[in-house]
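Structure record follows, encoded as C-alpha cells.
None of the figures in this text is laboratory data; all of them are computed from the coordinates on show. Note that the coordinates shown come from a computational prediction; the quantities given were computed from them, not determined experimentally. Quick reminder, even Gly has a Cβ in these numbers, built from the backbone with ideal geometry, and neighbours come from all protein chains shown.
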Amino acid sequence: MGRQDKNESQKKKRNINMKKLKLEINEHDVKIGKRCDFVPPTVTESCLLEFEDKIIGFYLTDLPEKLQQYLMIANKEFLSKNVPKSLLERSDVYQMQKKYGITRAEAKARNTVQMSTILGGVLAKAHLRRPYNSVSAVHTNKKAKTFIKAMLLACQEAEKLIELYMPEQYASQKKLIEETTLPKYRFGKLFTSSISNYNIAAPFHQDRGNLKNTVNVILTKRKDTEGGALCVPDFNHTFEQADNSILVYPAWYNIHGVTKIIQHNENAYRNSLIFYPLKGFDK
C-alpha cells in the first residue's frame, strides 16, 4: 500500500469512528446582547455535529500534531510583545471605580485583561474613518511575522480537517470564497479573516456579517481556567473548548455566546483563535 493510499485509509477509519451528536431545536428566551453566565459544558468529547441529517460542524479535543505545534507558536507569539493588540475595557471597570472609590488604573489592575488581534480582511466602516476595505495593519508589522505565519499554517491545517470531516462543506465554502472574495482579502482557502480573543466572554450574538452556509473555526488555548465555553441556546448545548481543541461551527446560523471565564490564578487565561468568512470583500 502506497503512502497516499495509507493516509486515505487512516482518514476513512478516523472519520467512521467519530461519534455523531444529533442536534435538535430547543425553545428558549435568550436574546442577543445578554451576557452568558457560567454553564457547565454538555459537549466534552470529540464528535461530529449533525442537524437535519447533515453534518454542520465538529468538535475535536485531540488535534493533529502539526496543528498543535502551529497553535502553540501562534499563542506564544500573541502573548508576547511582538504582536499589536487592541485592549478592551469591560463595563465592570467603571462599576469597580464607583463601588470601591478607586481610580480607573486601579480598577483595571484588579480586572481581567482582555485583548484581541485581527488578521486578514478588514471591512470598511465609515464611522470609524475606514472608508475602504483593507488588510489588517498587523500584516505590516515585521515583529508580528512569526505570529502571522503560524496563524496561516494553523488555518491551513484546520482546513484539512474540514475537508476530511465535511468534504461537501469544504468544496462549497472554497467555491463561495473564490466567487465572492478578492484574493488579497482571503485568509487560507475558506476564510477572509482571523481574530484572536484573549479572555473575552462574548455576550450572545449572531455572526450576521458572515457569508451564509459557511463555518467558522475556533481553536482554543487556555491555562488554569474554567468556563469560556461556547453556549448555543438553539441546540441547548455548551461546547467545552478545552485546551488544544478545535470547534467548527456555522456561526452565521444562530445566536451563541461565551460563558463566564473563571480564572484560578493571576496567570490564568483563555485565548480563542478564530477563522471566519465575511461577506463584502468582492471589491
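Structure notes:
- Looking only at the stretch 244-283, and only at residues there that are more than 13 Å from the chain's Cα centre (by Cα) and charged (D, E, K, R), the one that is nearest to residue 116 (Cα to Cα): 260
- Within the stretch 22-50, being under 17 Å from residue 253 (Cβ atoms), assigned to a loop (DSSP other than H, G, I, E, B) and either among the polar types (S, T, N, Q) or under 18 Å from the mean Cα position of the chain (by Cα) (or both) holds for one residue alone: 26.
- Residue in the stretch 125-136 that is in contact (Cβ under 8 Å) with a residue 24 or more places away in the chain and part of a helix (DSSP H, G or I) present: no
- Complete set of residues in the stretch 139-158 that are in a helix (DSSP H, G or I) and in contact (Cβ under 8 Å) with a residue 40 or more places away in the chain: 143, 144, 146, 147, 150, 151, 153, 154, 155, 157, 158
Results for (1) in a strand (DSSP E or B); (2) under 24 Å from residue 71 (Cβ atoms), shown as yes or no for each residue.
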residue: 177; (1), (2): no, yes
residue: 189; (1), (2): no, yes
residue: 195; (1), (2): yes, yes
residue: 203; (1), (2): no, no
residue: 207; (1), (2): no, yes
residue: 221; (1), (2): yes, yes
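- Test result for residue 159, closer than 19 Å to residue 213 by Cβ, over 18 Å from the mean Cα position of the chain (by Cα) and not hydrophobic (A, V, I, L, M, F, W, C): no
- The stretch 221-279 - residue that is surrounded by 19 or more Cβ atoms within 10 Å (Cβ to Cβ), in contact (Cβ under 8 Å) with a residue 60 or more places away in the chain and basic (Lys, Arg) and, of those, farthest from residue 176 (Cα to Cα): 270
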